[in-house]
1. Could you work out how far helix 312-329 tilts from the main Cα principal axis of the chain, as a 0 to 90 degree angle to the nearest 10?
2. As a test, work out the antiparallel percent of DSSP beta bridges whose residues both lie in the stretch 208-396, rounded to the nearest 5.
3. Kindly express, to the nearest 10 degrees and within the range 0 to 90, the angle between helix 212-221's C-alpha long axis and the longest C-alpha principal axis of the chain.
4. Determine the order of 352, 290, 175, 395 by accessible area, beginning with the largest, at a probe radius of 1.4 Å.
5. Apply the a/c threshold of 1.5 to the C-alpha gyration tensor of the stretch 81-187 and tell me whether it is rounded, prolate or oblate.
6. What residues have an amide H closer than 5 Å to that of residue 178, excluding those fewer than 5 places away on the same chain, when H is modeled at 1.01 Å from N in the peptide plane?
7. Taking θ as phi - 60°, what are the ³J(HN,Hα) couplings along the stretch 154-165 by the Karplus curve (6.51, -1.76, 1.60), each to the nearest whole Hz, with x for Gly and Pro?
8. Quick one: putting +1 on the C-beta of Lys and Arg, -1 on the C-beta of Asp and Glu, what dipole do you get for the chain around its Cα centre, in Debye to the nearest 20?
Amino acid sequence: MHTLRLRPKEHYRIAEGHLWVFRDELVQPLPKISTEASGLPVDDLVAVESNDGKPLGVGFYHPTSKIAVRMLGTDTTTIDANFFAERFASALALRQRMMPHEEAYRLVFGEADLLSGLIIDIYGSVAVLQMLAAGMDRRRDMIVEALLQTLPHLTGVVERNSMKVREKEGLEMRDGIVWGTVPDRVRFTENGILLEVDLIGGQKTGYFLDQKTNRAFIGKLSAGKRVLDCFCNVGGFALNAAAGGATLAVGVDSSAVAIQAAEHHALLNELPNCRFEQANVFDLLRQYVDEGQTWDIVILDPPSFAKSRQALSGARAGYAELNRTALKLLRSGGLLVSASCTQLVPEHDLMDIIYTEAARLRRRLRLVHRGEQAADHPVLLAMPETQYLKFLVFDVLA
Ligand code: SAH
């Protein structure tokens with residue numbers, strides 16, 4: 001096994017548990033690592049040491065990605081199905097302790113489970129794999145074997161590997177069943193609501209497990225209220241609000257497939273107080289303001305607005321516009337629910353943006369609740385990158 005040496009002082013972050021070694025932190029030139037035709041190393045397991053030769057553990061080396069080594073938080077030299085089975089067992093133990101009896105949960109949240117570049121979601125008897133790193137991608141069979149050891153009740157394993165980030169690791173886009181059989185629609189319950197999600201079909205909707213506890217929270221506040229769920233995907237917050245007794249819950253999303261699934265969910269759960277609309281949220285909110293509509297609760301859960309620092313000012317402007325328009329629709333005593341999954345926009349920034357917009361409209365807000373990603377998406381303190389979901393609830397003062 002090759003040993004890669006860090007430049008002076010670059011070891012602190014890694015020694016404290018951060019799992020990414022960037023290429024420019026390594027002493028150059030690197031030892032000659034033989035590669036396959038694809039350009040990837042024949043054997044990518046490397047040891048990493050500090051500049052003065054102290055061992056820091058092992059990881060998967062990538063020859064071109066900006067993240068040169070993804071550390072595994074161990075110094076074992078055998079990475080096999082047993083290694084993964086042990087990690088999966090401890091990941092499962094955490095989920096069972098923090099959120100027992102869930103049918104759908106994230107079993108492995110990449111770095112936060114010391115498995116950089118690997119995501120595994122469980123929906124009843126089906127597992128969904130996502131590999132964002134070459135080191136994980138090439139070990140897919142090993143991972144599936146370990147997964148079946150950990151969760152013997154599984155009947156199918158799907159891979160959903162068409163995320164753009166895979167390009168950074170030279171990986172192709174690939175989706176489909178990798179083991180067993182998977183129904184067209186996988187059924188599961190979340191917060192007592194029956195859902196059916198297409199995990200393999202051509203037009204995928206997927207599902208966002210990270211908002212589970214926040215959706216339940218909204219369900220409890222909704223009795224007798226008019227609730228507007230912006231960026232509703234397959235119905236998430238709107239369904240919880242309707243089940244919680246909202247007089248009306250309206251969900252809006254630009255994806256026709258998502259809206260179709262959301263409408264199906266409303267029928268499935270017998271929630272006639274729930275409606276869905278396919279529209280661009282930015283346009284629809286403006287239209288509602290022009291029509292003089294008022295709402296008791298407005299939920300904003302947009303997709304990530306910035307994956308890179310260059311996109312940050314646009315992201316801030318997006319949040320400002322959304323929150324400003326939502327505030328115009330809220331009656332006094334109403335609730336503004338503002339979520340953001342943009343990792344690069346920290347909570348205090350989001351709060352600042354909302355405060356600025358509220359002040360311009362001369363509306364006073366009180367922060368009454370803050371949520372975060374559910375416990376199956378834990379935050380590894382050594383890696384701020386693992387904390388991304390903000391969920392702020394404000395009361396609009398009269
Ligand atoms: N609230 C959802 C998750 C939202 S994910 C839940 O609880 O599950 C973000 C959603 O925003 C996606 O479904 C995407 O289709 C939608 N979207 C992205 N841009 C949009 C836009 N401009 N208008 C409406 N929907 C949009």
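The values are calculated or read from the model by the stated rules, or taken from the named source; none is laboratory data. Please read these numbers as outputs of a predicted model, since none were measured by experiment. Neighbour counts are summed over all protein chains in view; Cβ atoms, including those assigned to glycine, are modelled from backbone coordinates with ideal geometry. Side chains included, ligands, DNA and RNA excluded: accessible areas come from the protein's heavy atoms. Shrake-Rupley method; radii C 1.70, N 1.55, O 1.52, S 1.80 Å.
1. On a 0 to 90 degree scale, this one is about 20.
2. Values: 13 of 32 bridges.
Counting DSSP beta bridges with both partners in the stretch 208-396, the antiparallel share is about 40 percent.
3. 20
4. Working: 352 95, 290 135, 175 70, 395 20 Å².
Ranked list, largest accessible area first: 290, 352, 175, 395.
5. Values: a/c = 1.62, a/b = 1.23, b/c = 1.32.
It comes out oblate by the Cα gyration axes.
6. 157, 158, 159
7. In residue order, the calculated couplings are 4, 10, x, 10, 10, 10, 10, 10, 10, 8, 4, 4 Hz.
8. On the way: 44 positive and 49 negative charges, 241 e Å.
I would put it at about 1160 debye.
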